[in-house]
Amino acid sequence: MFTGIVQAVGTIEKITPFEGGLTLTVAAPELDMSDVALGDSISHNGACMTVIEIAEGHRYRIDVSNESLGVTVGLAQQGGKVNLEKAMRLSDRVGGHLVSGHVDGVGTVVSFEPVGDNRELIVEAPQSLARYLAVKGSVVVNGVSLTTNYVNDVAGGCRFSINLIPHTLSVTTLGGIKAGDKVNLEIDLIARYVERMMALEQA
């Protein structure tokens, strides 16, 4: 489990194909690696991956399956930047919200415009995720826990707005996105369970 509070931004330094996916070498000079061990989970742009090797110079390696590559974005670009978060401890503060690290879908950035010192991010989510998004609800965008300002249904999905403060823009990769970019989305766990319970009651 994660909280959606990014701890560092890493760089995908090397990509090595293997049968069934890619091995990524990630450089994470700003991530505290003192307690990272083989088999630990680290979120990369919202996708939970397992550390398979720890290398010198604040580097580590992960294997990403073709299945994961097919349902996420931003994990197959050499030199690409990724938001990183180590799995939470049970004693940690939940500064964002409970996040599983399982990407539910890919959204498209509609606009990213200044509003004073902040930025308004508008993302279009696919129809499959529309029913899970609500005003002032939680959503994860590229591994970052955020709160929606508004949600509007549109043909083929829904659009939601997020206000990004300067701090978030400076410590995550979100400061560099632009209209047309694809982003990883994870819906709120509570919404997922509520839907399941309602479906059972109506069955």
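The values are calculated or read from the model by the stated rules, or taken from the named source; none is laboratory data. Since the structure is predicted, the reported quantities are computational estimates derived from the model, not experimental observations. With ideal geometry, Cβ positions are generated from the backbone for all residues, glycine too; neighbour counts draw on all protein chains shown. Areas reflect the complete protein model, heavy atoms only, side chains present, ligands, DNA and RNA absent. Shrake-Rupley method; radii C 1.70, N 1.55, O 1.52, S 1.80 Å.
Here the strands (runs of 3 or more DSSP E) wholly within region 61-146 that include at least 2 residues being of a type in the set (Gly, Ala, Ser) and surrounded by fewer than 21 Cβ atoms within 10 Å (Cβ to Cβ) are 105-115.
Which members of region 68-92 meet the condition of being under 18 Å from the mean Cα position of the chain (by Cα) and free of Cβ contacts under 8 Å to residues at least 12 places away in the same chain? Hit for region 68-92 is GLY70, nothing else. Residue count for region 44-60 under the criterion of being on the phi < 0 side of the Ramachandran plot and assigned to a loop (DSSP other than H, G, I, E, B): the result is 1. For VAL82, are the conditions met, namely being in the same structural domain as GLU30 (by the TED database) and touching a Lys or Arg at 6+ places or on another chain (Cβ under 8 Å)? The answer is no for VAL82. Could you figure out which of (1) outside any helix (DSSP H, G or I); (2) more than 17 Å from VAL82 (Cα to Cα); (3) of a type outside the set (Gly, Ala, Ser); (4) open to solvent by 50 Å² or more (accessible area, probe 1.4 Å) isn't true of LYS178? Tallying (1) outside any helix (DSSP H, G or I); (2) more than 17 Å from VAL82 (Cα to Cα); (3) of a type outside the set (Gly, Ala, Ser); (4) open to solvent by 50 Å² or more (accessible area, probe 1.4 Å), LYS178 fails exactly one: (2). Taking the conditions exactly as written (closer than 19 Å to ALA47 by Cα, open to solvent by less than 30 Å² (accessible area, probe 1.4 Å) and in contact (Cβ under 8 Å) with a residue 12 or more places away in the chain), does ILE187 satisfy them or not? It is true that ILE187 is closer than 19 Å to ALA47 by Cα, open to solvent by less than 30 Å² (accessible area, probe 1.4 Å) and in contact (Cβ under 8 Å) with a residue 12 or more places away in the chain. Scanning region 3-39 for residues that are open to solvent by 50 Å² or more (accessible area, probe 1.4 Å) and either touching a Phe, Trp or Tyr at 6+ places or on another chain (Cβ under 6 Å) or within 18 Å of VAL171 (Cα to Cα) (or both) turns up ILE5, GLN7, PRO29, GLU30, ASP32. For ASP117, the requirement of being in the same structural domain as ILE177 (by the TED database), charged (D, E, K, R), more than 23 Å from ASN152 (Cα to Cα) and out of contact with any strand residue (DSSP E or B) (no Cβ under 7 Å at 6 or more places or on another chain) is met. In region 20-43 there is no residue that is outside any loop (DSSP other than H, G, I, E, B) and either acidic (Asp, Glu) or at pLDDT below 95 (or both).
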